[in-house]
Amino acid sequence: MVLPINEDTDFSFLCVYQADNLSDALKKLKITTTDSTADSLEGCLDCLLQALAQNNTETSEKIQKSGVLQVFAGLLTPQSSCTAKVANIIAEVARNEFMRNPCVDAGLIPPLVQLLNCKDQEVLLQTGRALGNICYDSHEGRNAVDHAGGAHIVVDHIRSLCSKTDPASEKLLTVFCGMLMNYSNENDTLQSQLINMGVIPTLVKLLGIHCQNAALTEMCLVAFGNLAELESSKEQFAYTNIAEELVKLFKKQIEHDKKEMIFEVLAPLAENDVIKLQLVEAGLVECLLEIVQKTVDSDKEDDIAELKTASDLMVLLLLGDGNCIHMVDNGIVQKLMDLLDRHVEDGNVTVQHAALSALRNLAIPVVNKAKMLSAGVAEAVLKFLRSEMPPVQFKLLGTLRMLIDAQAEAAEQLGKNAKLVERLVEWCEAKDHAGVMGESNRLLSALIRHSKSKDVIRTIVQSGGIKHLVTMATSEHVIMQNEALVALALIAALELVTAEKDLENAQLVQILHRLLSDDRSAPEIKYNSMVLICALIGSEPLQKEVQSMAFLEVVSKLRSHENKTVAQQASLTEQRLAVES
């Protein structure tokens, strides 16, 4: 949020007019007219400015009570030599919240907006300050400026001044940007209005030209932060070089507060896929990695906050196939592994979580999996099996599951790793951490589904994993149910004798009967349940269970199922059951 716009003028002078005090000046102003002499007007105005500089709140209260605000409306004319001072006084009193509505009610907005058309830089400066301060956190002020068309004129001014780098122009640009931000802050309608006026490309250009001006740069960042939340703004940002400018600016920053301001702009922009790729190509991920490395061992509050923000943003950037493929091809995997390697023993959990999250996201595109496996990512991730931190466990499991998707050799290698499988079975019982429990089950299933290996199945049976796969088949999530049923079908097809006892003890047959009888079961669940039943009747004890539960009756009803695949499988299953009965 932009603060009220201040003025740095020195008010240590004495009043030109011989008014003895503020009260006298207010009385004189109350009866003044536009025909009054310039000296008499200026003397009164100087006295007010001096009083405001000494005690703004008290003086503003006296100005409000005196009724002078209404007089100001008539003094705001381009022809008057006092206009800039009148606008300055309005800007100063409007720094107080209680004065903003009275300024609107006194009819000051229309003449102030008209002054935006004049050429005098001092008048423009003070008018911009006055309008900006009246708009600050004031619904009435914003509405009045909107109805008077003030925003459009200010945007035109910013556009015409954009390339000028002299101090006076930069000061005026800073005030105008501040005015627009106070005008539109936390107001979607007014923000959309500015976006439709094309303010975003202008502000991005402004940032590039005036990046050495701290005040103007800060105002641009606040502006971007305000506008970037709107989806329509991201479409405009995507057609600018905002990514390049922000990363360039970010690299120069030393102060935590300045970095935080840039973070606040980057986070909403990074949600847009086009801008996300632009940020990645501009080198933001490498910048974030540097921050992580610099702040990871610090116990300073600011550094800890910066580490968390940088880590979260890095993970956000590494989403989307295009970004992930680009980053893997540019060597990000080794940097993440190096970072992880330094935090295996008693490492920083924030770093572990962020690096594992990033690796998981990078492993999603099919073309990245083999490259990452060849780089040794699976081995690097397995070092964290000893972690007792659920967030780290969760990301570790997700990373391995993504890596082995459709990678038979890697799935078999990991599936024969007894230590890994034993840890998975242990985590399958982590009822206090549903995410870890769910991911452990999914990885167990994935090891079987992607390897189709008897050795993997035997390792899982020996480690006591079968009961968890059977329980997984009753999950409230269809995808997990289906993954479990496919894995169980492979077990039944490849190693039924080895798993027979565990399947019986886990009451798999009863669960399948329940799934087939339940009208709420998804078509794919019914289909895979019937495939599994056909495989299970190859075991004598399991076949007896199937026969004892009247599966034929349930399956025959499914022959008329609306899903043709389910109906066809029901006919095949019915025939198989009839033969075996």
- Message: K467 - would you say it is without any contact (Cβ under 8 Å) to a residue 60 or more places away in the chain, open to solvent by 30 Å² or more (accessible area, probe 1.4 Å) and part of a loop (DSSP other than H, G, I, E, B)?
- Response: no
- Residues located in segment 222-248, provided they are open to solvent by 10 Å² or more (accessible area, probe 1.4 Å) and either touching a Ser or Thr at 6+ places or on another chain (Cβ under 9 Å) or touching a residue at least 40 places away in the same chain (Cβ under 8 Å) (or both): V222, G225, N226, L230, S232, Q236, A238, T240, E245
- List every residue pair whose Cβ atoms lie under 9 Å apart, where the two residues are 6 or more positions apart in sequence or sit on different chains, the first residue falls within segment 328-353 and is farther than 22 Å from D299 by Cβ and free of Cβ contacts under 8 Å to residues at least 60 places away in the same chain, and the second residue, located anywhere, is of a type in the set (V, I, T) and open to solvent by 20 Å² or more (accessible area, probe 1.4 Å). V328/V367
- Task: Report, by residue number, each residue of segment 403-417 that is open to solvent by less than 10 Å² (accessible area, probe 1.4 Å) and either over 29 Å from D312 (Cβ atoms) or not in a helix (DSSP H, G or I) (or both).
- Result: A411, G415
- Task: Return a yes/no flag: does segment 475-483 have any residue that is open to solvent by 30 Å² or more (accessible area, probe 1.4 Å) and over 33 Å from the mean Cα position of the chain (by Cα).
- Result: no
- Query: Taking only pairs six or more apart or across chains, which ones have beta-carbon atoms under 7 Å, a first residue in segment 517-535 that is closer than 20 Å to L496 by Cα, and a second residue that is at pLDDT below 90 and open to solvent by 50 Å² or more (accessible area, probe 1.4 Å)?
  - Reply: C534/R576
- Out of L382, L359, report the one residue that is surrounded by 24 or more Cβ atoms within 10 Å (Cβ to Cβ) and not charged (D, E, K, R). L359
- Message: Being under 32 Å from the mean Cα position of the chain (by Cα), hydroxyl-bearing (S, T, Y) and under 17 Å from D120 (Cα atoms) is the filter here; which residues of segment 132-174 pass it?
- Response: T174
- Counting only residues that are in contact with a Lys or Arg (Cβ under 8 Å, 6 or more places away or on another chain) and either closer than 20 Å to C135 by Cβ or not small (G, A, S) (or both), give me the helices (runs of 4 or more DSSP H) lying completely in segment 37-112 with at least 3 of them. 38-54, 83-93
- Message: Yes or no: segment 387-402 includes at least one residue that is within 23 Å of H343 (Cα to Cα), part of a loop (DSSP other than H, G, I, E, B), open to solvent by 50 Å² or more (accessible area, probe 1.4 Å) and modelled with pLDDT under 95.
- Response: yes
- Query: Could you say whether any residue in segment 504-511 is within 17 Å of V425 (Cα to Cα) and either polar (S, T, N, Q) or in contact with a helix residue (DSSP H, G or I) (Cβ under 6 Å, 6 or more places away or on another chain) (or both)?
  - Reply: yes
- Those residues of segment 60-108 which are at pLDDT 90 or above, open to solvent by 10 Å² or more (accessible area, probe 1.4 Å) and among the hydroxyl-bearing types (S, T, Y), in sequence order: none
- Name the residues in segment 288-308 that are under 27 Å from N241 (Cβ atoms) and buried (at least 19 other Cβ atoms within 10 Å of the Cβ), would you? L288, L289, I291, V292, E306
- Message: Looking at segment 125-139 only, could you name the residues that are open to solvent by 10 Å² or more (accessible area, probe 1.4 Å), part of a helix (DSSP H, G or I) and in contact with a Leu (Cβ under 8 Å, 6 or more places away or on another chain)?
- Response: L125
- Task: Would you mention how many residues in segment 177-207 are crowded, with 24+ Cβ neighbours inside 10 Å and either aromatic (F, W, Y) or more than 23 Å from the chain's Cα centre (by Cα) (or both)?
- Result: 7
- Message: Among the numbered criteria (1) surrounded by fewer than 19 Cβ atoms within 10 Å (Cβ to Cβ); (2) closer than 24 Å to P111 by Cβ, which one does R142 miss?
- Response: (1)
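Being within 21 Å of A484 (Cα to Cα), crowded, with 16+ Cβ neighbours inside 10 Å and within 53 Å of the chain's Cα centre (by Cα) is the filter here; which residues of segment 540-581 pass it?
L542, E545, V546, F551, V555, V566, Q569, A570, T573
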- segment 514-532, residues that are closer than 14 Å to V470 by Cβ and touching a Ser or Thr at 6+ places or on another chain (Cβ under 9 Å): R514, L515, S529
- Does at least one position in segment 369-379 carry a residue that is assigned to a helix (DSSP H, G or I), surrounded by fewer than 20 Cβ atoms within 10 Å (Cβ to Cβ), on the phi < 0 side of the Ramachandran plot and among the aliphatic types (A, V, I, L, M)? yes
- Test result for V497, part of a helix (DSSP H, G or I), surrounded by 19 or more Cβ atoms within 10 Å (Cβ to Cβ) and not polar (S, T, N, Q): no
- Message: Can you tell me which residue is modelled with the highest pLDDT among those in segment 19-48 that are surrounded by fewer than 17 Cβ atoms within 10 Å (Cβ to Cβ) and among the aliphatic types (A, V, I, L, M)?
- Response: I31
- Message: Kindly evaluate A522 against the criterion of being more than 45 Å from the chain's Cα centre (by Cα) and surrounded by fewer than 17 Cβ atoms within 10 Å (Cβ to Cβ).
- Response: no
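The values are calculated or read from the model by the stated rules, or taken from the named source; none is laboratory data. Since the model is a prediction, treat every value here as computed from it, not as a measurement. We place every Cβ from the backbone using ideal geometry, glycine too, and count neighbours over all the protein chains shown. In case anyone asks, the SASA skips ligands and DNA or RNA and just uses the protein heavy atoms, side chains included. Shrake-Rupley method; radii C 1.70, N 1.55, O 1.52, S 1.80 Å.
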